[in-house]
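J.: Let me begin by handing over the structure; questions about it come next.
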Amino acid sequence: PYARRTASDAMTVEDYLSLPHVAPSQMMPGHRGVIDAFLERAGMRRNVAVESAYFGLIPYMLMQTDLVLTTGRQFMRFYERTLPLKTFTVPVRFPPMRFYQLWHERVHQAPEHKWLRDQLTAVAKALVQK
């Protein structure tokens with residue numbers, strides 16, 4: 001039970017925590033994601049109503065529901081241009097997101113894999129500078 005918000009409404013911490021959230025499914029049972037772990041350390045808990053194993057499908061889920069997704073701005077930029085979605089600034093100050101590249105040891109020295117990792121690193125650095 002909450003009022004549907006408009007793009008001009010300010011979101012309070014209480015609003016944010018009580019709204020129904022969609023979150024990525026846990027990768028390992030019993031381990032919380034970085035958002036929920038951060039909130040828990042701050043003595044807060046959000047209302048995760050739905051989990052999805054397919055992160056790329058979540059923006060499409062948002063179009064059909066009143067669910068809230070907490071994610072990075074870069075991820076949502078594309079979807080905000082192509083789907084009828086609205087982003088809001090979260091009223092909780094989260095630490096900066098960190099991303100990692102992981103690969104199998106057997107391809108660590110493979111030139112084509114090193115090239116791809118270098119390309120991904122360059123693109124990620126360029127996104128941060130925008």
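The values are calculated or read from the model by the stated rules, or taken from the named source; none is laboratory data. Source: prediction; values computed, not measured. Keep in mind that these areas ignore ligands, DNA and RNA; they rest on the heavy atoms of the full protein, side chains included. Shrake-Rupley method; radii C 1.70, N 1.55, O 1.52, S 1.80 Å.
J.: Show log10 I(q)/I(0) for the chain at q = 0.12 Å⁻¹, two decimals, from a solvent-free Debye sum over equal Cα scatterers.
T.: The Cα Debye sum returns log10 ratios of -0.59.
J.: At 1.4 Å probe size, with every protein chain present, just tell me what the per residue accessible area of the chain comes to in Å².
T.: Details: 10200 Å² over 130 residues.
Ligands and nucleic acids excluded, the figure is 78 Å² per residue.
J.: Nearest 10 degrees is fine. How inclined is helix 73-82 to the longest principal axis of the chain, computing both from alpha carbons?
T.: The angle comes out near 70 degrees.
J.: Take the solvent-accessible surface of the protein heavy atoms, probe 1.4 Å, and return the percent of it on the stretch 30-130 that carbon and sulfur atoms account for. Write down the numbers at each step before the final one.
T.: Values: 4670 of 8170 Å².
Ligands and nucleic acids excluded, carbon and sulfur reach 57 percent.
J.: Using the alpha-carbon centroid of each, what span in Å lies between the stretch 11-25 and the stretch 66-130?
T.: Taking the Cα centre of each part, the stretch 11-25 and the stretch 66-130 sit 21 Å apart.
J.: Using Cα atoms only, what is the angle between the long axis of helix 111-129 and the major principal axis of the chain, expressed in degrees (0 to 90) to the nearest 10?
T.: 40
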